[in-house]
Amino acid sequence: MTGSVASTRWGPVQLKLTMSGGTITKVTVLEQPSGNPKDTEINAQALPILIKETEQTGNAKIDMVSGATVTSTGYTQSLQSALDQA
């Protein structure tokens, strides 16, 4: 399932999910904010944490990453959009 693009103030976030039996098994980031070096730095730290937590829980019940609120919000919006399609 591919989630819709979540437009954040720093740029778009879009995810693709692989699911098995109603459980998320893999998350692929298709788009992420990358307009400046700070975006790249924040996303390099935050996205692996968000992906790992999503894949470990197998659902959307994940915590935001401190210092990456905008990316975390966009991530969860696209994640929920993909789950709504499932």
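Counting only DSSP H runs of at least 4 residues, each contributing -39500 (n - 2.57), and dividing by the residue count of the chain, the helix-based mean residue ellipticity at 222 nm comes to -15000 deg cm²/dmol. Highest mean packing comes first when the peptides 43-50, 8-15 are listed by Cβ atoms within 10 Å, giving 8-15, 43-50. Each distinct pair of alpha carbons in the chain adds a 1/r term; the inverse of their mean, the Kirkwood radius, is 12.5 Å. How much of the accessible area of the chain, probe 1.4 Å, is carbon plus sulfur, in whole percent? Its accessible area is 51 percent carbon and sulfur atoms. The alpha-carbon atoms of the range 41-86, seen along their principal axes, cover 32, 19, 14 angstrom, with the largest extent given first.
The values are calculated or read from the model by the stated rules, or taken from the named source; none is laboratory data. This one's a predicted model, so the numbers in the text were calculated from it and none came from an experiment. Cβ: placed from backbone, ideal geometry, glycine included. Neighbour counts: every protein chain shown. Accessible surface areas use protein heavy atoms only, side chains included; no ligands, DNA or RNA. Shrake-Rupley method; radii C 1.70, N 1.55, O 1.52, S 1.80 Å.
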